[in-house]
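The values are calculated or read from the model by the stated rules, or taken from the named source; none is laboratory data. As the structure is a prediction and not an experimental result, all values here were calculated from the model. Positions of Cβ are generated from backbone atoms using ideal geometry, with glycine treated the same way; all protein chains shown enter the neighbour counts.
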């Protein structure tokens with residue numbers, strides 16, 4: 001698949017994220033990558049000054065349906081599991097299919113970090 005086709009596929013997938021109230025990512029570069037793909041919804045950062053517990057409390061008090069797009073490495077998978085467990089205990093619906101779909105597209109092409117999407121976009125400009 002050509003880079004332009006891959007980027008278009010990711011943009012299409014990102015457009016579907018509009019059905020969730022917020023997306024949780026690890027850091028500012030991940031948020032930037034989603035914005036570059038056209039996501040206009042709320043993006044919450046794990047690397048913000050909040051502890052995991054405070055982040056979970058904050059998300060649960062404001063949102064009912066979220067997607068978690070942490071990186072697809074060991075650290076990102078662990079963080080995703082922690083967030084899912086805490087949020088689901090608080091009654092938040094986690095839209096897991098988006099993580100699976102992004103993973104399928106990115107990992108197949110050797111990309112394990114959400115922020116890598118930005119470099120892909122620069123390559124096709």
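Numerical summary
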{"quantity": "Number of positions in segment 24-53 that are touching a residue at least 24 places away in the same chain (Cβ under 8 Å), in contact with a helix residue (DSSP H, G or I) (Cβ under 8 Å, 6 or more places away or on another chain) and outside any helix (DSSP H, G or I)", "calculated": "8"}
{"quantity": "Of all residues in segment 98-125 being in a loop (DSSP other than H, G, I, E, B) and surrounded by fewer than 18 Cβ atoms within 10 Å (Cβ to Cβ), the one that is modelled with the lowest pLDDT", "calculated": "125"}
{"quantity": "Filter result (in contact with a helix residue (DSSP H, G or I) (Cβ under 6 Å, 6 or more places away or on another chain) and part of a helix (DSSP H, G or I)) within segment 88-97", "calculated": "none"}
{"quantity": "Residues within segment 1-10 that are part of a helix (DSSP H, G or I) and surrounded by fewer than 17 Cβ atoms within 10 Å (Cβ to Cβ), tallied", "calculated": "5"}
{"quantity": "One residue from 12, 21 being over 10 Å from the mean Cα position of the chain (by Cα) and without any contact (Cβ under 8 Å) to a residue 24 or more places away in the chain", "calculated": "12"}
{"quantity": "Residue under evaluation residue 13, criteria (1) in a loop (DSSP other than H, G, I, E, B); (2) surrounded by fewer than 19 Cβ atoms within 10 Å (Cβ to Cβ); (3) touching a helix residue (DSSP H, G or I) at 6+ places or on another chain (Cβ under 6 Å), criterion not met", "calculated": "(1)"}
{"quantity": "Among (1) surrounded by fewer than 19 Cβ atoms within 10 Å (Cβ to Cβ); (2) over 20 Å from residue 104 (Cα atoms); (3) in contact with a helix residue (DSSP H, G or I) (Cβ under 6 Å, 6 or more places away or on another chain), the one test that residue 58 misses", "calculated": "(3)"}
{"quantity": "Members of segment 28-46 that are farther than 22 Å from residue 109 by Cα and surrounded by 12 or more Cβ atoms within 10 Å (Cβ to Cβ)", "calculated": "28, 41, 42, 43, 44, 45, 46"}
